[in-house]
Every structure is written in structure tokens, then in C-alpha cells.
Amino acid sequence: MKLINIGYGNMISSTRIIAIVSPDAAPVKRMVQTARDKGLLIDASCGRKTKSVIVTDSDHIVLSAVQPETVAHRVNDKEGNEEDNTNEG
């Protein structure tokens, strides 16, 4: 299990991430509101503007103040480092 920094000291397991999307689209806003109503919303933006919405395999929605591209880059870097370590040993 690799943890990805999603901003301000908050971490999420990279293996649980299904999608990283921008919060601007109306369907994403509805998805966030539905998760809030069901108690499945995790607000990790620390009071700042939400810049990315992370969908997990457990139907939880995580809000982050980090750009989606940045989160995706961090996920890809962690996966690349794992592959490099397994090939060396």
C-alpha cells in the first residue's frame, strides 16, 4: 500500500483510487452532494478551494485542494518507483 499526499498533510492509498476529476462539472457536483448526503464525503481540502475530486473503490469521495494533474502525477510517480524497486532485487 502506497500513500499519496493529496495536500496539507492528508494522504490516500493509491490502490483505492478509481478516478481523479475536476469539481467544476455539474455531474461531479451532484456526485459530491450525493456522497455528502450518504456520509461518504471526506473533505481533505482544509477549508481551501476544492480543485480535485477523488473517487475511491469504496464509493467514498475525497475533496482535495491540489490540482488533479498534480495528484495523478504523484500516483504515477509512486507506481513507477514500485516497478523500479521490484526490477532491481
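For region 1-76, the per residue solvent-accessible surface stands at 58 Å², with DNA, RNA and ligands left out and a 1.4 Å probe.
Enumerate lysine pairs in the chain that are 8 or more residues apart or on different chains, then count those whose Cα atoms are under 18 Å apart. Please report the intermediate quantities before stating the final value.
Numbers: K2/K78; K29/K38; K29/K49; K29/K51.
Step by step, the pairs that qualify in the chain add up to 4.
Modelled spin-label separation between D43 and E69, with each label point placed 7 Å from Cα along the Cα-to-Cβ direction: 2.8 nm. Converting phi to 3J(HN,Hα) with the Karplus coefficients 6.51, -1.76 and 1.60 and the offset θ = phi - 60°, region 15-27 yields 6, 9, 7, 9, 8, 10, 10, 7, x, 7, 6, 4, x Hz in sequence order, with x at every glycine or proline.
Compared with the dominant Cα axis of the chain, that is its longest principal axis, helix 68-88 is turned about 20°. Amide H to amide H, with H built 1.01 Å from N, I42 comes under 5 Å of I61, V62, L63, counting only residues 5 or more places away or on other chains. Calculated mean residue ellipticity at 222 nm for the chain: -13000 deg cm²/dmol, from DSSP H runs with n ≥ 4 weighted as -39500 (n - 2.57), summed, divided by the residue count and rounded to 500. Beta bridges assigned by DSSP with both partners in the chain are antiparallel in approximately 80 percent of cases. Out of all Cα-Cα pairs in the chain, roughly what percent, to the nearest whole number, are more than 20 Å apart? That fraction is 33 percent.
Of the listed residues V66, V21, V53, the order by accessible area with a 1.4 Å probe, largest first, is V21, V66, V53.
Kindly state, to the nearest 0.05, the FRET efficiency for K29 paired with N76, given R0 = 35 Å and r defined as their beta-carbon distance.
Working: r = 27 Å, r/R0 = 0.76.
Calculated value: 0.85.
The values are calculated or read from the model by the stated rules, or taken from the named source; none is laboratory data. Everything quoted here is computed from the prediction, not taken from an experiment. Neighbour counts are summed over all protein chains in view; Cβ atoms, including those assigned to glycine, are modelled from backbone coordinates with ideal geometry. Heads up: the accessible areas ignore ligands, DNA and RNA and are worked out on the full protein's heavy atoms, side chains in. Shrake-Rupley method; radii C 1.70, N 1.55, O 1.52, S 1.80 Å.
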